[in-house]
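Accompanying notes for the structure given below.
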Amino acid sequence: MVPQMMKRFVCVFFATMFASLPLFAATYYVSPSGNDASDGTSPQSAWQSLQKVHATPLLPGDQVLFERGGVWRHPDFSCAPRAVLCPASGEPGKEILYGAYGDPNAAKPAIYGSVDASNEEDWEETAPGIWATRKVKIEYGARIQTPFFSPWNLHREAGAVASLTSTKLDNLNPYVRVDCAKNGTAPNHIQLWGPEVDASVLPEKFVLRFRARASVPFELGDFRIIQSSFPYRTKIRRIASPAKIQLDREWQSFEVAYSLIEETTLAEGMKFRWHLSLGGMPAECCLELEQFEVVEADVDARLDLGVDVGNIIFDHGNFKKGHRCGVKKWSVADCQKPGDYFYDPAARRVFLRWNENPAKTCDSIELAMKAHVVSHGGCHDAIFDNLAICYGAAHGFGGSNATRTIIRNCDIFYIGGAHQFTREDGKPVRYGNGIEFWNCATDCLVENNRLWEIYDAALTNQGRGSKESPSVQKNIVYRGNTIWNSEYSFEYWNREGTTENILFENNKCFDAGFGWAHTQRPNPNGAHMMFYNNSAATKNFLLRGNQFFRSTEVCLRMDNDWRAGLRLENNEYEQFPGCNVVRFLVHQYFDTDSFDEYQKEVQIETGSTCRASERSDK
C-alpha cells in the first residue's frame, strides 16, 4: 500500500502543478538564422543567440522557444566556466517556459556544453602521434587611447599592510610599485585601483600589454575594468592565454586578451576603473608594473580552453574506427593509445593521441567543457520542455535551491567527466550527472525524459548541509523517464537535513555501467539505484513500478539502513545469470535466485519480480 501521506502529496502536487494553464505574457523565438536586432516575437523575426536571451528581462509567464534542428553554444565558452543556459524565474502559475518550435519531425533544439574542434586547422601535431588543439590566433590593430596615468590608489583591509608608488613615465605610461609588508587572506584585501575608463572607446576585443616583475615570485591575477563601487560589475573578461601570469625577479612582457561584456550597464553615478586584486602577494614582496598599452585585436580564442575538458565525443558517439569518446589521462606521457587525451591547464590545450589529424578521421569532434549546460541553481517556476541538453562535462541540469522546476520531454546525453578535485592520495576525482538537484530543492518534477551516456547518475537529488544551513529535499517526482548506458540510473544521499516525499515511478532503466565512462572510472560500480550513506531524516521515499534491467555490478546498492523512510514496490528486475541484483549494507548480496529471500529478509521491497537476462554481453 502507498503510505497515506504519499497519496496526499501526489494528489496535491499535481493538482497544483496542472490545475490551470498559465497565461503567457510574451513568446520569444530563437533560430540559428535569426537576428538579435529583431524583436523575437515571431518565427520570422526570431533572435539568434543565447546572449540575447540572457540579456532580455523575462517576465513571469514568458516563453522562449528554440527552433527544432538548431544548435546553440555559449560564445567564448571555452574561456570561462559558465553555464550555457542560465534560466530566469517565473511565479507560481506563471512559469517561464524554455521550449521548442518548428518542424515536429526535426531534432530537438540542442544546447551544447562543448567546443567544436572538427576542422583540420583546429589541430597541430606537437610530437609524433600527438595532436594538440591550436593556440589562440591574434591579429593586432590600432592602439587605443585609454589613459593609464592618473593617481593610482591602493586599498587595504583585514590587516593587510602595503604601500604604493606611482610615477609618470614617457608616453603617458605609469610606473607603479606596490610594496607588501603583510599580505591578505583573500584577494580583495589588497586592491590596486587605476584610472577611469570610458568603456565606449574600447573595441569589442583588445589586448592589454604591460611589463612586470616581483622580488618574490608569485602569480599575478587579472586586470579588470569594474564599477568603482557596489555591485562592482565587470566590463571585460579574459579570453586568451597566458593561463598564468607568473612573475619573478626579472622583467617580463605580457599581453592578455579581453572582450567586452556587452550586457554590463553602468549604474547612475558610478564609473568604470582599472582594477587589480593583490591580496595574494607574498609578504615582503615588491611588485613593479610599467609600459601599459591597449591594442585593438581580432582574437580567435575559441580553442583557448580555460577550463577542464572532461570528455571528447567523436562523431556524436558514433565513431566506428575506434573509441566513440576520448579516454582521459593525466599527462601527455600517459597518452599511449589512439583516443587517449590530456587536458593541460597551464597550456589551456588538449593533447590527443591519434594516428593523423583527428579532423581527417572524424566528421565531428566535441570537447565537453567543465560547466553545467543548464544552471537551475536558485531558479524557481521554470519549465524546460523538448530540449536536447548534451556534451557538457559537469551536469546537464545542475544547481541548488531549485523550486517548482519542471524538466520534461528532454534528451540529455554525453554528460560529465570533468575533473572535480584531487584527493590527498593524489587520485583525481571526476563527476557529472544528467539532472541534479543539489542541497535544497522543493516541488520539482522530472518526467518523460530520455537520458543516456552519463558519467555518474542520470537522475539524482543529493546534498551536504549543516546545522546552520540544512539540506532540505522535498516533493520531488521522477516519472516515466527512460535511462540507459549511465553509471547509475538514480543516485541518492543527503546529509545534515531532511528528505521528504520523493517519488520515483514508472521509469525504464537499462544497462547501468555500460556507458562511455565505465572503463575509465577509478571506481567502476554500475548500479541502477545507488543509495550512498544517508544521515538526513527521511520519510515517504517511494520507488514503484520501475524497470531495472541489467547492470555491470548490481541493480540496487544501499550502503546504510534507512528502511524506515524508504519503500520499493512492484518493480521489475532483470540481471545477467549468476550476477548480483542487490547489495545491501555493503557486504550482503542477493542474485536472481535469492531475490525472494532478499524481499523476505530485508523487508524493504514488496511485490517486485526478478528474472535472469537472456543477454550474455556483460
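The values are calculated or read from the model by the stated rules, or taken from the named source; none is laboratory data. Because the structure is predicted, anything quoted here is derived from the model rather than measured. When we count neighbours, we look across all protein chains shown, and the Cβ atoms used for this are built from the backbone with ideal geometry, even at glycine. Note: areas computed on protein heavy atoms with side chains; ligands, DNA, RNA excluded. Shrake-Rupley method; radii C 1.70, N 1.55, O 1.52, S 1.80 Å.
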Helix-derived mean residue ellipticity, 222 nm - over the chain, DSSP H n ≥ 4, -39500 (n - 2.57), to 500: -1500 deg cm²/dmol
Net charge, residue 91 excluded, C-beta distance under 13 Å - Lys, Arg +1, Asp, Glu -1: -1
Three-way shape call for the range 573-618 based on the alpha-carbon gyration tensor, with the a/c threshold at 1.5: oblate
Protein accessible area in the range 49-152, 1.4 Å probe - carbon and sulfur %: 51 percent
Antiparallel content of DSSP bridges confined to the chain, in %, to 5: 45 percent
The range 265-374, accessible surface, carbon-and-sulfur percent (1.4 angstrom probe): 45 percent
Percent antiparallel among DSSP beta bridges (both partners in the range 539-604, rounded to 5): 30 percent
Cα shape, the range 515-575, gyration tensor, a/c 1.5 rule: oblate
Fully extended contour minus Cα-Cα distance, from residue 105 to residue 587, at 0.36 nm per residue: 168.6 nm
Virtual spin-label span in nm between residue 36 and residue 157, 7 Å along Cα→Cβ: 3.3 nm
Highest-first arrangement of 184-190, 611-617, where packing means the average Cβ count within 10 Å: 184-190, 611-617
Accessible surface, per residue, of the chain when the full set of protein chains is kept, probe 1.4 Å, Å²: 42 Å²
Mean separation of Cα contacts under 8 Å, 6 or more apart, over the residue count of the range 189-302: relative contact order %: 45 percent
Bins of 10 Å, starting at 0 and running to the largest distance - Cα pair percent for the chain: 3, 14, 23, 24, 20, 11, 4, 1, 0
Computed magnitude of the charge dipole of the chain (debye, nearest 20; Cβ of K, R +1, Cβ of D, E -1): 720 debye
Accessible surface ranking that places the most exposed of 47, 330 first, with a 1.4 angstrom probe: 330, 47
Calculated from backbone phi, Karplus (6.51, -1.76, 1.60) coupling profile of the range 436-453 in Hz, x at Gly/Pro: 10, 9, 9, 6, 6, 8, 9, 6, 10, 10, 10, 9, 6, 9, 10, 9, 8, 6
Whole-number percent relative contact order across the chain, with pairs defined as alpha carbons under 8 Å at least 6 apart: 10 percent
Per-pair calculated FRET efficiency, R0 = 51 Å: residue 361 and residue 229 via Cβ, rounded to 0.05: 0.40
Prolate/oblate/rounded label for the range 466-557 (Cα gyration tensor, a/c 1.5): oblate
For the range 409-496, alpha-carbon Rg and Dmax in angstrom: 14.2, 42
Ordering of 554-566, 245-257, 428-440 by burial proxy (mean other Cβ atoms within 10 Å per residue, highest first): 428-440, 554-566, 245-257
Sulfur and carbon atoms: percent of accessible area, the range 396-476 [1.4 Å]: 43 percent
C-alpha center-to-center spacing [the range 475-499, the range 332-379] in angstrom: 28 Å
